[in-house]
Amino acid sequence: MLTQRQHQLLRFISDYLQEHGVPPSFEEMRDALRLKSKSGIHRLITGLEERGYIRRLPYRARALEVTRRPANWAPEATVQEFEALPSNVVQGRFGARPSRVEDGGVMSLPLYGRIAAGTPIEALRDHSTQIEVPAHLLRQGDHYALEVVGDSMVEAGISDGDIVVVQRSDLADSGDIVVALIDDAEVTLKRLRCKGQTIALEAANPEYETRIFGPNRVKVQGRLVGLMRRY
């Protein structure tokens, strides 16, 4: 299974080959993935080669060949293509929103760990670590808590180290902030946008790109319903 970076690089190489007829240079790959050095590209290339996705052709400069693609490979739309889709395809909810529990007191929830790429939520399940959460943050059904890593949602008021309270659900509204599982391998906290069968996962930080996915590549694992911050 490929990491997010390996998947991004494989797609860039494949698209570049299709458009230009020759592989990209290491500088172009570095710039496309916004890495600081070419050593990171060398590691990604080696990983893709070891997994049989690319082949380096001997005695030729910039000689790479894409030998296979992941089973779930599908061309990702651009943000412009996503925005061009008819907005009336999505009419609000994917599913009915459950009613809230009564306010008052606190509830103890499992703190599964730090939300990070490459870790499905089920792999984080550990009921030995609990955290007390105000009951008014909760709705009907199962909930869990996660510690946020990184600043991709900082303009939505979610900072590195915050604890998010998540309602376990595979349903979400377009516009909800969700815990999303991508390609059964990568988990991320992003804002969900939907048009037809196309899904966009939006960061709340201009330093991060919106990612667009086709059908069946994204599974909702929960919806953000609350946030707690330590000072």
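Since every read-out is calculated from the coordinates, none of them should be taken as a lab result. Remember, predicted model here, so these are calculated numbers, not experimental data.
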(message) Taking every alpha carbon pair in segment 135-198, what does the distance histogram look like in 10 angstrom bins from 0, in percent?
(response) 18, 50, 30, 2
(request) For segment 4-71, would you read off the P(r) tail past 14 Å as a percentage of all alpha carbon pairs? (result) 55 percent
(request) Please list, in chain and number order, the residues 5+ apart from Ala204 or on another chain whose amide H is under 5 Å from its amide H, with Hs placed from the backbone. (result) Met153, Val154, Glu155
(message) Based on the alpha carbons, how large is the Rg to Rh ratio for segment 106-228 when Rh follows Kirkwood?
(response) 0.94
